[in-house]
Amino acid sequence: MIGFFFPGVLLSLKPYNQLLFSITMFGIGMVLHFEDFKNILLHPREMFLGVTAQYTIMPLSAYAITKIFNLAPEIAVGIVLTGSAPGAMTSNVISYLAGADVAFSVSLTSLSTLLSPILTPFLTLALAGQLIQVSFLAMFWSIVNMIIIPLFLGFIVKHFYGRKIHHLIEVFPAISVVAIALICGIVVALNKTSLLGLSSKIFTIVFILNLLGMILAFFWAKTFKFNKHKIKTLMIEISMQNAGLGVVLALKHFSPITALPSAVFTIWCIISASILVKIWKIIRF
């Protein structure tokens, strides 16, 4: 709302959008545990199937949407970038609220995030490279600098100084929410004029991508005989992308319009996941 009605307030923060995202990832690193990575090694089958679903269902669904709707190149690249992002850390909270397998959710999100410097640029190049110039190496280093390094530093700080700064660790989730909200607000401010004409189309394609993620993840999990808790986890995990990464990558490597699908997805995937949890509770799934 602030970005739309008072764009000047947030436009001044545009040079700091990558810093804001790095702060978010640093905070996430501070709440990770060794067990989260240990589970990856203890459950290789589920991890492989989960991360394969993450990096096939959403990217290919996004690509299909660009073809079906015959989207303009900038919007098409934006939706592919959204689909090619790793899972969102917010999915771990939603998994907890849904009574899903939280340990599986955290480990899967961590693994997809660690793979994102390679897979996100590769998929964006493969699926959208014919529409606009995509630099694999430039995106690779951006993700390393904005995700891997801050995540690793946060993890190290937590490991060595966790007891001394536990009060700071407790407030980082709130700081992360504010940072992502500011980043999305910056995108809205940059696209205020374009948003009036594109809002319905962007919401439609974001809605379809998110819904496809839920449905296809359900059938994927059923095909490979996941238990009920892991089915719920995968549906949440696949349909909730780290679209904040898509936003900052779009602003750095493409254009403000390209960032719009990721910005809308960031908000909508939380709303839709909350609705899904409510439905599960009603039908006692």
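Scanning region 237-262 for residues that are closer than 12 Å to V187 by Cα and polar (S, T, N, Q) turns up S255, T258, S262.
Within region 38-69, being over 19 Å from L119 (Cα atoms) and of a type in the set (F, W, Y) holds for one residue alone: F69.
When restricted to residues that are β-branched (V, I, T) and under 30 Å from I175 (Cβ atoms), region 27-76 contains 4.
When I208, I267, I183, I238 are screened for being aliphatic (A, V, I, L, M), more than 21 Å from L49 (Cβ to Cβ) and surrounded by 20 or more Cβ atoms within 10 Å (Cβ to Cβ), only I183 passes.
Applying the condition of being surrounded by 13 or more Cβ atoms within 10 Å (Cβ to Cβ) and under 21 Å from the mean Cα position of the chain (by Cα) to region 161-177 and asking which residue is farthest from I202 (Cα to Cα) yields F172.
Filtering region 32-77 to residues that are within 26 Å of L249 (Cβ to Cβ) and among the aromatic types (F, W, Y) leaves F37, F48, Y55, Y63, F69.
Annotation note: of F48, F26, the sole residue that is modelled with pLDDT of 70 or more, of a type in the set (F, W, Y), crowded, with 19+ Cβ neighbours inside 10 Å and within 23 Å of the chain's Cα centre (by Cα) is F26. List pairs: first residue in region 150-174 and closer than 22 Å to V93 by Cβ and in contact (Cβ under 8 Å) with a residue 40 or more places away in the chain, second residue crowded, with 17+ Cβ neighbours inside 10 Å and charged (D, E, K, R) anywhere in the structure, Cβ distance under 8 angstrom, at least six positions apart or on different chains. From residues that are closer than 22 Å to V93 by Cβ and in contact (Cβ under 8 Å) with a residue 40 or more places away in the chain, the pairs are I169/K158. Between F226, F219, which is surrounded by fewer than 17 Cβ atoms within 10 Å (Cβ to Cβ), more than 15 Å from the chain's Cα centre (by Cα) and modelled with pLDDT of 90 or more? Of the residues listed, the single one that is surrounded by fewer than 17 Cβ atoms within 10 Å (Cβ to Cβ), more than 15 Å from the chain's Cα centre (by Cα) and modelled with pLDDT of 90 or more is F219. For L249, the requirement of being surrounded by 20 or more Cβ atoms within 10 Å (Cβ to Cβ) and either without any contact (Cβ under 8 Å) to a residue 40 or more places away in the chain or aliphatic (A, V, I, L, M) (or both) is met. The residues on offer are A85, A103, A64, and the sole one that is surrounded by fewer than 23 Cβ atoms within 10 Å (Cβ to Cβ) and within 24 Å of T233 (Cβ to Cβ) is A103.
The values are calculated or read from the model by the stated rules, or taken from the named source; none is laboratory data. Here the structure is a predicted model, which is why all the values come from computation and not from measurement. As a convention, Cβ positions derive from the backbone with ideal geometry for all residues, glycine included, and neighbour counts pool all protein chains shown.
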